[in-house]
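Working notes for the structure below.
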Amino acid sequence: MISKPHVDWFAISPELVLLGVAALALFVAVLVPRWLRKALAAFLCAGGFLGAFVAAGILYGRSAHGHPVVADAIVRDRFGALGMLIVAGCGLLAVFISYREPVRNGHDAEYYALLAAAGAGMAFFVTANNLMTIFLSLEWFSICLYVLCAIDVDLVGSLEAGLKYLVVGSFGSAVLLFGSALVYGATGKLGLDRIGATVSAQGLSRDVLLLAGLAMIITGLGFKSSSAPFHMWTPDVYEGSPTPVTAFMSAATKTVALVVALRVLVSAFPQEAHLWTVAVAAIACASLAIGNLAALVQRNVKRILAYSSVSHAGFMLIAVAAHNQSGARALLYYLVPYSAMSLGAFAVVAARERELGRAVTLDNLAGMGWERPLLGVAMFTFMLGFAGFPLTGGFFGKFLVFSAAVDRGWTWLVIVGVAATAVSLYYYLGVVRALYMRTGAELQLAPAGGAPPREALLQTAVLGCLAVTVASFFAVQPLVDLAKHAGRALPL
Amino acid sequence: MFDAGNTLVWIVWIVAAFACLGSGIAVVSFTNPFFSALALIGNLGALAVLYLLLSAEFVAAAQVLVYAGAVMVMFLFVIAYLGGRADAPWAGGPSWQQVGAVAAAGAILVEIVVAIGLKAGGRLAHQQHVLSSFGSPHAIGRLFLTDHLLAFEITSIVLLVAAIGGVILGSHSRKLAGEKAL
């Protein structure tokens, strides 16, 4: 008789909701008449993300004392629950942004099924507690994203983006797997906290096999969070994929990759902190430098935002490198406004793309601020938020990240961050200039056939992102408290 | 002191290890996908021999049956179906990217070899006494249902998602082909 481990169903309820919805959406794809498919699948998917959001919220409330569940495969704590909350929120907004995305060759219901499945994989990823579940859930949501990137075969570059992401992403996963194997070889343990315990008990902290494995794990997670020098795929994939998919990836994938990077490094490798903090700080500096400098010369708005996301990975890695409670708090706080701004900015790009029927550049963005007041004001706010201006959450995000670095005693990292912010102003304000400072006469591509239809759902999503961006400035204390309680779940 | 059994293990190990490396290099350097697939079968077979040396008989058998057998037959079938279009991965001489990639891969190889060599401390082979049940289907099945229950279940979802994704992308290309025919 095998004694099966106790399964805490409540701890995996957000994943189960999303998986159930994905299955239902697949049934919709084959059983429901064609005219109803898209609406029903989108409604189900939105409901699933809403359900997962509520479940993750309750989980956050009832998991004050973090503990591993289901044979230590995952951990039930506030840190993971907050990650799930952000992912579910991103997914909900992504459904709204996706709804009016044209074509997809009749694969609407499958699109929403994969979106929900990707969300479920991400929810597992942020709670994963051993190297095996980390790798498997990483593959789970990555495979969904590979297909989502390539789903619009008719769109120029979509298939190419999917293939590029598949090749580079598989490479990153393989490096992560190799690193996990080396760490397992050195310690004989898979669970994160057990690795840390074994290392301190057996004095393995200078073990070469363990250190090689640690370096490979950092590299593998660096690919997923698109931090330099592992960012090469980011601009091409972000540019080629359907814009709603890009929006979801830029917000949710980065969130989970950074959250898991912090959890793995802090739980499994506290003895090697003197090494990995330096490595992560170096990656942060590289991301800040490469992301910001490369963005200066871009004309395509999606590429600008892609490089901006590389540089933001750098900012958030500063918080990881700080290796203290204020760093964990800063990371979790910053992820909320960052996700909202990123989703919102790509949503505005998607709206413009649908108006023009071609890729959005700084030139054909001209005058949009006057034509579309709501989208213009929103984009203006997102750009200021990315640059870290007050009245947006980006300001406190950067402030908390820098104060974490100061707590650690790494003032030089703050100087690098401030210099990067100064450089970033050039291209963020370049977008604002394109929105407002050009006359309509400069506009080369007038939308033919009168004003294009307003998209209520997309505008709702943009409004939601705008609300989160601004609210995270005014409601900074409650959010920081949430992040602080979540960060306490980590052994810092 | 001469230990015939140990020497035999060493010989088998060296042959299998070099077959593994050689066939791996062959997979990426053949210009004909059909030959690449055949080399991949050799690679998977050599890996199965290495598993056998580690007392993992069940995993070795599964490797041969599932990967070298079923999966590779599918590969060869698909290649035959699509027509083996020869690709030239090294056309136009080596570019700086290829040189850089090979150099980086070599650096990682050296790093791993040095790490494992240092860890082993000169003794490359250890005699490890394992339980007779180690690697048996019984022991593996028990692990799947106890310690790695969730990982086992997640694997099925990963495979399902991959299959669904393959169908979605595949039905695209079929539709496009149909439109072209019209």
Of all residues being touching a residue at least 24 places away in the same chain (Cβ under 8 Å) and in contact with a strand residue (DSSP E or B) (Cβ under 8 Å, 6 or more places away or on another chain) in the range A:132-145, which is nearest to the other protein chains (Cβ to nearest Cβ)? Just the residue, please. A:T133
Let me confirm something: among B:A162, B:A151, which residue is touching a helix residue (DSSP H, G or I) at 6+ places or on another chain (Cβ under 7 Å), modelled with pLDDT of 90 or more and over 30 Å from A:D154 (Cβ atoms)? B:A151
Please name all residue pairs, on different chains or six or more residues apart, with Cβ atoms under 8 Å, provided the first residue is in the range B:47-68 and is without any contact (Cβ under 8 Å) to a residue 24 or more places away in the chain and the second residue is β-branched (V, I, T) and in a helix (DSSP H, G or I). B:A48/B:V64; B:Y51/B:V59; B:A60/B:V49
Within the range A:87-95, identify whether any single residue is of a type outside the set (G, A, S) and within 11 Å of another protein chain (Cβ to nearest Cβ), and answer yes or no. no
Given the residues A:A350, A:A340, A:A321, which is the only one that is closer than 17 Å to A:D236 by Cα and touching a residue at least 24 places away in the same chain (Cβ under 8 Å)? A:A350
With A:G376, A:G367, A:G388 as the choices, which residue is in contact with a Gly (Cβ under 8 Å, 6 or more places away or on another chain) and surrounded by 23 or more Cβ atoms within 10 Å (Cβ to Cβ)? A:G388
Taking the range A:181-218 and the residues there that are assigned to a loop (DSSP other than H, G, I, E, B) and over 22 Å from A:L136 (Cα atoms), the one that is nearest to the other protein chains (Cβ to nearest Cβ) would be A:D207
Within the range B:147-163, how many residues turn out to be at the interface with chain A (Cβ under 7 Å from one of its Cβ atoms) and in a helix (DSSP H, G or I)? 9
What residue, among those in the range B:136-146 that are free of Cβ contacts under 8 Å to residues at least 12 places away in the same chain and more than 7 Å from chain A (Cβ to nearest Cβ), is nearest to A:S142 (Cα to Cα)? B:F144
So A:V32, is it at pLDDT below 95, within 26 Å of B:I164 (Cβ to Cβ) and either out of contact with any helix residue (DSSP H, G or I) (no Cβ under 9 Å at 6 or more places or on another chain) or within 14 Å of another protein chain (Cβ to nearest Cβ) (or both): no
I'd like the full set of residues that are at the interface with another protein chain (Cβ under 8 Å from one of its Cβ atoms) and over 15 Å from A:I12 (Cβ atoms), limited to the range A:107-129. A:H107, A:E110, A:A113, A:L114
Anything in the range A:451-482 that is of a type in the set (G, A, S) and buried (at least 23 other Cβ atoms within 10 Å of the Cβ)? List them, or say none. A:A461, A:S472
Scan the range B:117-129 for residues that are at pLDDT 75 or above and loosely packed, with under 15 Cβ neighbours inside 10 Å and jot them down. B:G117, B:L118
Quick one: which helices (runs of 4 or more DSSP H) sit completely within the range A:224-302 and have at least 1 residues that are of a type in the set (D, E, K, R) and closer than 16 Å to A:L176 by Cβ? A:254-268
Any chance A:I290 is within 21 Å of the chain's Cα centre (by Cα), touching a residue at least 24 places away in the same chain (Cβ under 8 Å) and surrounded by fewer than 21 Cβ atoms within 10 Å (Cβ to Cβ): yes
Checked against (1) farther than 30 Å from A:F269 by Cα; (2) of a type in the set (A, V, I, L, M, F, W, C); (3) free of Cβ contacts under 8 Å to residues at least 40 places away in the same chain, A:L85 satisfies every condition except (1)
Selection within the range A:353-373 - free of Cβ contacts under 8 Å to residues at least 12 places away in the same chain and small (G, A, S): A:G357
For the range A:229-253, what are the residues that are farther than 22 Å from A:V95 by Cα, hydrophobic (A, V, I, L, M, F, W, C) and either touching a strand residue (DSSP E or B) at 6+ places or on another chain (Cβ under 7 Å) or surrounded by 24 or more Cβ atoms within 10 Å (Cβ to Cβ) (or both)? A:F230
Residue satisfying condition, being modelled with pLDDT of 90 or more and either crowded, with 21+ Cβ neighbours inside 10 Å or over 30 Å from B:I116 (Cα atoms) (or both), within set A:S158, A:S180, A:S170: A:S180
If you go through the range A:146-155 one residue at a time, how many are surrounded by 22 or more Cβ atoms within 10 Å (Cβ to Cβ) and more than 8 Å from chain B (Cβ to nearest Cβ)? 3
Residues that are at positive phi and crowded, with 19+ Cβ neighbours inside 10 Å, drawn from the range A:391-417: none
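The values are calculated or read from the model by the stated rules, or taken from the named source; none is laboratory data. If you're wondering where the values come from, they're calculated on a predicted model, not measured in any experiment. In this analysis, Cβ positions are derived from the backbone assuming ideal geometry, glycine residues included, and neighbour counts consider all displayed protein chains.
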